[in-house]
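Scroll down for the structure; my scribbles are underneath it.
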Amino acid sequence: MSVLIFIDTAEGHVKKASLEAMSYGAKVAEQLGTTAEGVVLGSVTEDLSALGKYGVKKIHQVNNEALNHFDPQVDTKVIAQVAEKTGAKVIVFSNNVDGKAIAPRLSARLKAGLVSGAVSLPDTANGFTVKKNVFSGKAFANITINTEVKIISLSMNAYKVVTGEGVAEIIPFNATVDAGKIKITNTTKASGEVPLTEAEIVVSAGRGMKGPENWGMIEELAKVLHAATACSRPVADAHWRPHNEHVGQTGIAIAPNLYIAIGISGAIQHLAGVNRSKVIVVINKDPEAPFFKAADYGIVGDAFEIVPKFTAAIKKMKGVA
Ligand SMILES: Cc1cc2nc3c(=O)[nH]c(=O)nc-3n(C[C@H](O)[C@H](O)[C@H](O)COP(=O)(O)OP(=O)(O)OC[C@H]3O[C@@H](n4cnc5c(N)ncnc54)[C@H](O)[C@@H]3O)c2cc1C
């Protein structure tokens, strides 16, 4: 019996969210008096053994080229094999796009109870109860999992990355890999230098920008901060910005260290996707805008005046022209 953590990668690199999942899984293992192990699919360019510092003792690597492209149906079956072979009783995912696609499928396959979007360590004193956000972050639910195998997907930024001294043992795992039901013929990378879900800083803007022609200042601020750009849903719906930038309840959920919201009102559906950000800065001309209630720092004023000044000040601070 062990705790198995899915180590999610993109283009051979371990995703930031997986560092949180490993730190969390290691603590769950400690609570249960067992060890934390990882599973990684496909080729990885970084030194996997170094991930031992996040508390995983072993990493099972299914190094099959077919797994380099994300296919949740195929990946689920492979992870199920690893879970069964290792006798994992708790399986931890990040609640990111990949985790959201695989964890429910694995739950059905292994007949395992699942809590998605966990925000803290499970209470194991009396059963196995996991806390999660519900109603777009307006309330918490404590859910007890009664099945023998338990699956948790961890909300981003819900658990801090803990580093120690360990080195993980890498164990090649020979899994049966099905041919996928879908075939990826072409992939196009989303525009923007920094991927939105991995970005430490996100500069986001809404309908207050009036039109797509005004996004130059948003992109400039993002560039100087080495940030990703995001937007509210109406902005993507109006094709001012691409849909892959839409954040919120029906868009991408993100949890950067710094989220700068410009000309966004702060509707609950928008907040649902960004309220796990560590620090929120809001720029809005309406002092009554709901976003200010969720903000750590707020600037009341016209974005068209503030943003260029903000960018100029950061450039000066960084010594860039
Ligand atoms: C089922 C459902 C799901 C939804 N999912 C999402 C979602 O995932 N993500 C999402 O974002 N929305 C979502 N919405 C829409 C959401 O309810 C809001 O309508 C939307 O977030 C508003 O976008 P906005 O803040 O850009 O625009 P607005 O509400 O129009 O707000 C614009 C803001 O800009 C400010 N402003 C105007 N001019 C300036 C200026 N010059 N300088 C500074 N500030 C200025 C205004 O004061 C205002 O606060 C959903 C709605 C529903 C019903």
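Measure nothing fancy, just the Cα-based angle from helix 16-32's long axis to the longest principal axis of the chain, in degrees from 0 to 90, nearest 10.
40 degrees
Along the three principal axes, how long is the stretch 169-233 when you take its alpha carbons, biggest first, rounded to the nearest angstrom?
53, 33, 18
Please state the relative contact order of the chain as a whole percent: Cα pairs under 8 Å, 6+ residues apart?
Details: 705 pairs, mean separation 47.2, N = 321.
It comes to 15 percent, rounded to a whole number.
Among the GluC sites (Glu not before Pro) within the stretch 129-169, which fall in a DSSP loop and have no more than 16 other Cβ atoms within 10 Å of their own Cβ?
Details: sites: 148, 165, 169; in loops: 148, 165.
Passing sites in the stretch 129-169 are 148, 165.
With just the Cα atoms defining each centre, how far is the stretch 129-175 from the stretch 38-67? Give it in Å.
18 Å
Less than 13 Å from a label point 7 Å out along the Cα-to-Cβ axis of residue 315: which backbone N atoms in the stretch 188-229 qualify, by residue?
217-225
Rg to Rh for the stretch 144-262: what is it, with Cα atoms only and Rh by Kirkwood? Walk me through the numbers on the way to the answer.
Numbers: Rg = 19.4 Å, Rh = 17.7 Å.
Here the Rg-to-Rh quotient is 1.09.
What does the convex hull of the alpha-carbon atoms of the chain project to on average, in nm²? Walk me through the intermediate numbers first.
Details: hull surface 70.7 nm².
Taking a quarter of the hull surface, the average projection is 17.7 nm².
Using only the alpha-carbon atoms, how far is helix 72-86 inclined from the longest principal axis of the chain? Give it as 0 to 90 degrees, nearest 10.
Around 40 degrees separate the two axes.
For the stretch 126-211, what does the equivalent ellipsoid look like in terms of its semi-axes, each the square root of 5 times an eigenvalue of the Cα gyration tensor, given largest first in whole Å?
Here the semi-axes work out to 31, 27, 19 Å.
List the residues whose amide H sits under 5 Å from the amide H of residue 298, counting only those 5 or more places along or on another chain, with H placed 1.01 Å from N in the peptide plane.
Counting only residues 5 or more places away or on other chains, the set is 282.
At a 1.4 Å probe, what is the % contribution of carbon and sulfur to the accessible area of the chain?
Working: 8130 of 15730 Å².
In the chain, the share of accessible area belonging to carbon and sulfur is 52 percent.
Restrict the search to the stretch 221-321; then list the GluC sites (Glu not before Pro) that DSSP places in a loop and that have at most 12 other Cβ atoms within 10 Å of their Cβ. Intermediate values should be presented prior to the final figure.
Values: sites: 245, 288, 305; in loops: 288.
Passing both the DSSP loop test and the Cβ count: 288.
If exposed means no more than 10 neighbouring beta carbons inside 10 Å and the site is in a DSSP loop, what's the longest run of the chain without any exposed trypsin sites (Lys or Arg not before Pro)?
On the way: sites that count: 111, 160, 181, 183, 189.
Longest run free of exposed loop sites: 190-321.
Given Cβ point charges of +1 (Lys, Arg) and -1 (Asp, Glu) and nothing else, what value in debye, to the nearest 20, does the dipole of the chain about its Cα centre take?
Details: 34 positive and 30 negative charges, 111 e Å.
Value, rounded to 20: 540 debye.
Principal axis extents for the stretch 257-300, Cα atoms only, whole Å, descending order, please.
The Cα atoms of the stretch 257-300 stretch 23, 19, 14 Å along the principal axes, largest first.
Tell me the Rg and the Dmax, in Å, that the Cα atoms of the stretch 181-321 produce.
Final numbers for Rg and Dmax: 14.9, 53 Å.
Per the Debye formula with a single identical scatterer at each Cα and no solvent contribution, what log10 I(q)/I(0) holds for the stretch 154-194 at q = 0.19 Å⁻¹?
Here the Debye-derived log intensity ratios amount to -1.00.
Please find, in a Gaussian network model of the chain (springs between Cα atoms separated by less than 10 Å), the residue of 173, 292, 310 whose mean-square fluctuation is greatest.
310
Counting only helical runs of four or more DSSP H residues, what would the 222 nm mean residue ellipticity of the chain come to if each run contributes -39,500 (n - 2.57) and the total is spread over all its residues?
It comes out at -8500 deg cm²/dmol, rounded to the nearest 500.
How big is the stretch 24-131 by the Kirkwood estimate over distinct Cα pairs, in Å? Numbers along the way, then the final one.
Values: mean 1/r = 0.0677 Å⁻¹.
Across the stretch 24-131, the inverse of the average 1/r is 14.8 Å.
Could you check the simple spin-label distance between residue 214 and residue 109, using points 7 Å along Cα→Cβ, in nm with one decimal?
4.8 nm
For the chain, what does the accessible surface come to per residue with a 1.4 Å probe? Please give it in Å². Intermediate results must be reported in sequence, preceding the final value.
Details: 15730 Å² over 321 residues.
Value returned for the chain: 49 Å² of accessible area per residue.
Just 25, 55, 251 to compare: in a GNM of the chain, with alpha carbon springs under 10 Å, which one fluctuates most?
251
What residue among 182, 136, 151 has its Cα farthest toward the positive end of the dipole of the chain, where the charges are +1 on Lys, Arg and -1 on Asp, Glu, each on the Cβ?
Ranked along the dipole, the leading option is 136.
Placing one identical point scatterer on every Cα of the stretch 50-209 and ignoring solvent, what is log10 I(q)/I(0) from the Debye formula at q = 0.17 Å⁻¹?
Taken in order of the listed q values, log10 I(q)/I(0) reads -1.28.
Magnitude of the Cβ-charge dipole of the stretch 80-179, K/R +1 and D/E -1, about the Cα centre, nearest 20 debye?
Numbers: 11 positive and 7 negative charges, 85 e Å.
Computed charge dipole of the stretch 80-179: roughly 400 debye.
The values are calculated or read from the model by the stated rules, or taken from the named source; none is laboratory data. Given the structure is predicted, the values throughout are model-derived calculations rather than measurements. When we count neighbours, we look across all protein chains shown, and the Cβ atoms used for this are built from the backbone with ideal geometry, even at glycine. Surface areas here come from the heavy atoms of the whole protein model, side chains and all, with no ligands, DNA or RNA. Shrake-Rupley method; radii C 1.70, N 1.55, O 1.52, S 1.80 Å.
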